[in-house]
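Down below is the structure, laid out as structure tokens.
The values are calculated or read from the model by the stated rules, or taken from the named source; none is laboratory data. This one's a predicted model, so the numbers in the text were calculated from it and none came from an experiment. FYI the Cβ positions are ideal-geometry reconstructions off the backbone, even for glycines, and counts take in every protein chain you see.
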Amino acid sequence: MPDEMEKLVSLCKRRGFIFPGSDIYGGLAGIYDYGPLGVLLKQNLKAAWWKRVVQEREDVVGLDAAILMNAKTWEASGHTKFMTDALVECKKCHHRFRADKVGETCPDCKKGTFTEPRPFNLMLKTTVGPVEDEGSATFLRPETAQGIFVNFHTVQQSSRQKLPFGIAQIGKAFRNEITPGNFTFRTREFEQMELEYFIKPGEDKKWYEYWIKERMKWFLDIGFKKQNLRLREYPKEELAHYSKGTTDIEYAFPFAKGGWDEIEGIANRTDFDLKNHQEASKQDLSYFDEETKERVLSYVIEPSAGVDRIMLALLIDAFEEVEGGRTETTESNKDTETVLRLHPSIAPIKVAVLPLSKKEPLTKLGRDIAAGLRKRWMIQYDETASIGRRYRRQDEIGTPYCVTVDFESVDDNKVTVRERDSMKQERVGIAEIGEYFKDKIG
Ligand code: GAP
């Protein structure tokens, strides 16, 4: 992994963002756990998506479908047949790889050559109920999308939505990836944020272009650097079995071959899914247009994003090392400082409250301020170590604001607010502090 990534992975473990799953037992390949700060960052990311895609729109409703679905779903959707990667095995050490990710010689033993590629299905099999036979077998869903398609009719009827309208869902998905790797970029258990936007046939080009623009705008609004994002349209031979056209939003990952890789895909799925589910289930999944008295099978545009992958991209985008430290304290001038420049809406901790002394009356005042702010935001209270060190701890986890309670605060009822990126400080009245942050953080 590139140097920058090694540093980020180490920060993620040390500060409680992300670490290998079941670590005390040696881990489980391609599986990660999210620690106290990671879970907050992830929640904020999902909340920002939900707000933009569901809350702020009249034409999108939410859904939380089950991870386990009737196995017939995966036959009808084509996943049993098509959700495969080409797998090769080293003839010497018998390690297995994705054919498109390796060269001629085995990267592990450096000696062996490979078998002919064969298709490997990526769905994780399980059984439901006490009898383990073919009838009880199904899969952990490899995408959340199918939960939306099978519920299309019920959701449309119950929410009385008219075309065009969308159904959005956030949830876990599982893929038995042949080669998981690059930290949380490719894992075997991950979360997706998917929107299926149902439209009239013939309007697909317009909505496909609309959603590409909308989604790109969202990435910029949550703080991504413009120069690290780009769009890539798929050539025909790369399209998934369900897609008439796909454009990826790509991020400049430091480990990516060619410098870029996917964080979200926007696909024109046509009526592929509804048609197949209608045929297989023998249920009517068409839509009746009251105005034109026409019955149609909706087309669908799907913006599909990976929570874990976007979170990784966000961390990379925000990570900065300042050699020689920033200029604030003599202590911090000595060595390299890390700053995580996360957007305030996404940062796990919004404000840290730091009294200048460990004693009364500053500690009580500090705790009272923290308790007041906690009603609205995630706050940390920290009275240990020098103020310079405490600022650095907060910079490293991306906290946008620190509130310093000093000896004058007791007399003038004011505190010093320090902003992470500019390091600018300003005096703010304690009575106004909630309103002050409401403007800055939201
Ligand atoms: N429903 C369409 C679909 O699932 P996809 O391109 O296979 O399309 C969508 O996945 C997004 O899910 C990707 O852009 C990526 O962010 C995320 N994703 C897919 N496989 C992943 C994996 N193994 N680990 C982490 N994220 C993954």
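Taking the stated definitions as given, is ARG57 more than 28 Å from GLY135 (Cα to Cα), in a loop (DSSP other than H, G, I, E, B), in contact (Cβ under 8 Å) with a residue 24 or more places away in the chain and out of contact with any Asp or Glu (no Cβ under 7 Å at 6 or more places or on another chain)?
It is true that ARG57 is more than 28 Å from GLY135 (Cα to Cα), in a loop (DSSP other than H, G, I, E, B), in contact (Cβ under 8 Å) with a residue 24 or more places away in the chain and out of contact with any Asp or Glu (no Cβ under 7 Å at 6 or more places or on another chain).
For segment 215-246, which residues satisfy the criterion of being basic (Lys, Arg) and within 15 Å of the ligand (Cβ to nearest atom)?
The answer is ARG215, ARG230, ARG232, LYS244.
Any chance segment 154-167 includes a residue that's within 25 Å of LEU45 (Cβ to Cβ), over 16 Å from the mean Cα position of the chain (by Cα), in the same structural domain as TYR242 (by TED's automatic domain parsing) and of a type in the set (Ser, Thr, Tyr)?
Checked segment 154-167: no residue is within 25 Å of LEU45 (Cβ to Cβ), over 16 Å from the mean Cα position of the chain (by Cα), in the same structural domain as TYR242 (by TED's automatic domain parsing) and of a type in the set (Ser, Thr, Tyr).
So ALA145 fits all but one of (1) more than 10 Å from the ligand (Cβ to nearest atom); (2) buried (at least 19 other Cβ atoms within 10 Å of the Cβ); (3) of a type outside the set (S, T, N, Q); (4) under 19 Å from LEU285 (Cβ atoms); what number is the exception?
Going through (1) more than 10 Å from the ligand (Cβ to nearest atom); (2) buried (at least 19 other Cβ atoms within 10 Å of the Cβ); (3) of a type outside the set (S, T, N, Q); (4) under 19 Å from LEU285 (Cβ atoms) one by one, ALA145 breaks only (1).
Condition check ((1) in contact with a Lys or Arg (Cβ under 7 Å, 6 or more places away or on another chain); (2) closer than 22 Å to ARG141 by Cα; (3) within 15 Å of the ligand (Cβ to nearest atom)) across all residues:
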residue: LYS13; (1), (2), (3): no, no, no
residue: TYR32; (1), (2), (3): no, yes, yes
residue: GLY35; (1), (2), (3): no, no, no
residue: GLU58; (1), (2), (3): no, no, no
residue: GLU75; (1), (2), (3): no, yes, no
residue: THR80; (1), (2), (3): no, yes, no
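Could you check segment 325-442 for strands (runs of 3 or more DSSP E) lying wholly inside it with 3 or more residues that are of a type in the set (D, E, K, R)?
Here the list reads 414-419.
Go through PHE120, PHE114 for me and flag whichever is touching a strand residue (DSSP E or B) at 6+ places or on another chain (Cβ under 9 Å) and without any contact (Cβ under 8 Å) to a residue 40 or more places away in the chain.
When all the criteria are applied, what remains is PHE114.
Is it the case that segment 306-319 has a residue that's within 16 Å of the ligand (Cβ to nearest atom) and part of a strand (DSSP E or B)?
Yes; the residues of segment 306-319 include at least one that is within 16 Å of the ligand (Cβ to nearest atom) and part of a strand (DSSP E or B).
So if I check each of LYS51, LYS81, LYS46, LYS42, which one is among the charged types (D, E, K, R), at pLDDT below 95 and assigned to a helix (DSSP H, G or I)?
LYS81
Let's see how each residue does on (1) in contact with a strand residue (DSSP E or B) (Cβ under 6 Å, 6 or more places away or on another chain); (2) within 28 Å of GLY223 (Cβ to Cβ):
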{"site": "LYS46", "(1), (2)": "yes, yes"}
{"site": "TRP50", "(1), (2)": "no, yes"}
{"site": "ASP59", "(1), (2)": "yes, yes"}
{"site": "GLY62", "(1), (2)": "yes, yes"}
{"site": "ALA66", "(1), (2)": "no, no"}
{"site": "MET69", "(1), (2)": "no, no"}
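Can you tell me which residue within segment 284-305, out of those that are assigned to a strand (DSSP E or B) and among the charged types (D, E, K, R), is nearest to the ligand (Cβ to nearest atom)?
Filtering segment 284-305 for residues that are assigned to a strand (DSSP E or B) and among the charged types (D, E, K, R), the one nearest to the ligand (Cβ to nearest atom) comes out as GLU302.
Looking at the structure I just gave you, is SER281 within 15 Å of the ligand (Cβ to nearest atom) and under 30 Å from THR154 (Cβ atoms)?
It is false that SER281 is within 15 Å of the ligand (Cβ to nearest atom) and under 30 Å from THR154 (Cβ atoms).
How many of the residues in segment 258-278 are over 23 Å from LEU45 (Cα atoms), within 16 Å of the ligand (Cβ to nearest atom) and either among the hydrophobic types (A, V, I, L, M, F, W, C) or without any contact (Cβ under 8 Å) to a residue 12 or more places away in the chain (or both)?
Result for segment 258-278: 2.
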